[in-house]
Amino acid sequence: MNSSSSSMGGDGRHDDDAALTEFLASLMDYTPTIPDELVEHYLARSGFHCPDIRLTRLISVATQKFISDVASDALQHCKARQAAPVKDKSKQPKDKRLVLTMDDLSKALQEYGVNLKHQEYFADSPSTGMDPMSREE
């Protein structure tokens with residue numbers, strides 16, 4: 001009885017190895033959305049060097065999946081925000097286009113353990129928002 005269960009486990013492992021080998025071989029023909037050079041740059045900055053392009057492309061695919069999941073979750077947050085009832089009808093937007101906000105993005109990233117801190121105020125130049133009399137231009 002032990003020999004049959006161990007052979008079944010061995011076949012399962014062989015199937016997993018064959019699937020992994022096939023998947024890694026398919027990465028050689030795959031053109032990733034995130035260029036290999038960009039992935040290699042950030043891997044090198046983190047101290048990781050690997051000459052195997054398949055591993056670089058595997059990381060690229062995983063990164064693409066992560067970005068896709070975060071964008072999808074942020075879209076769901078955006079839809080939920082726009083579907084929420086607005087107490088003041090004058091503040092209700094007339095345009096029904098979906099707009100990704102930092103709040104939507106930070107909520108989506110929080111689900112993945114990434115805490116995004118952003119400034120309450122963004123400026124195009126250092127003098128934006130200053131008193132016109134005190135600007136030094």
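Just so you know, all these numbers are worked out from the coordinates, no wet-lab data involved. What you see is a predicted model, and the numbers here were worked out from it, not measured in a lab. Here Cβ is always computed from backbone atoms with ideal geometry, including for glycine, and neighbour counts include all displayed protein chains.
Packing, taken as the mean count of other beta carbons within 10 Å per residue, orders the peptides 74-85, 103-114 from highest to lowest as 103-114, 74-85. Our coupling estimate for region 108-118, obtained by passing each phi through the Karplus curve with A = 6.51, B = -1.76, C = 1.60 and θ = phi - 60°, is 5, 5, 4, 5, 9, x, 9, 8, 9, 9, 9 Hz, Gly and Pro reported as x. Projected over every direction and averaged, the convex hull enclosing the alpha-carbon atoms of region 32-73 yields 2.9 nm².
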